[in-house]
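Working notes for the structure below.
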Amino acid sequence: MVVLSFDIDGTLVDSTSRLISCMENGKVDWKCFLDCGKLGMDKPIPLNISIINKAIRSGLAVILVTGRPERMRECTLSQLMKFGVDVGGIRMLVMRGDHDDRPDPEYKVDALAGVGLPDVIHCDDNEDTVNSLISHGFKATLASKCDSINPYLNP
């Protein structure tokens, strides 16, 4: 069974405005960026949301693996619903522990290994994360190429 996995920020959600507003001296203020009150600055990424919804309608297993911390679970689900994601069809939402500050590539390799699902294809905006996943035996693609998973979707 093919499992499609998606990142959230930069993949399903354009968080550029939130990121820019949380820059301080050229560095990201992560406390600011990971504040539920700032999610209103985000915009949906329609193409990838359409892909995830089509996958769900096609009966494929869909999971989300995000670097957002667990404390953001409720506001994340609310945001995704607001942006039109069929959250009821998502099998699993894997979120980073509240005090886990590992680099994204390391966290996502462990997170996907931890879900124990075979044949996962992950879509992510972070090229280092995609490369790390591939080097650890996962299939992965950049967010700008999520539509390359279309062969797995039923017409």
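Key figures
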| read-out | value |
| --- | --- |
| Members of segment 78-121 found to be within 22 Å of Arg18 (Cα to Cα), surrounded by 16 or more Cβ atoms within 10 Å (Cβ to Cβ) and among the hydrophobic types (A, V, I, L, M, F, W, C), listed by number | Leu80, Phe83, Val85, Leu93, Val94, Met95 |
| Segment 54-69: number of residues that are surrounded by 15 or more Cβ atoms within 10 Å (Cβ to Cβ) and over 14 Å from Leu39 (Cα atoms) | 11 |
| Output for segment 122-155, where each listed residue is out of contact with any strand residue (DSSP E or B) (no Cβ under 7 Å at 6 or more places or on another chain), over 20 Å from Thr16 (Cα atoms) and either of a type in the set (Gly, Ala, Ser) or part of a loop (DSSP other than H, G, I, E, B) (or both) | Ser132, Ser135, His136, Gly137, Leu153, Asn154, Pro155 |
| Residue within segment 93-103 that is modelled with pLDDT of 95 or more, closer than 23 Å to Ser50 by Cβ and touching a strand residue (DSSP E or B) at 6+ places or on another chain (Cβ under 8 Å) present | yes |
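The values are calculated or read from the model by the stated rules, or taken from the named source; none is laboratory data. Computed from a predicted structure; not experimentally measured. Positions of Cβ are backbone-derived with ideal geometry, glycine not excepted, and every protein chain shown enters the neighbour counts.
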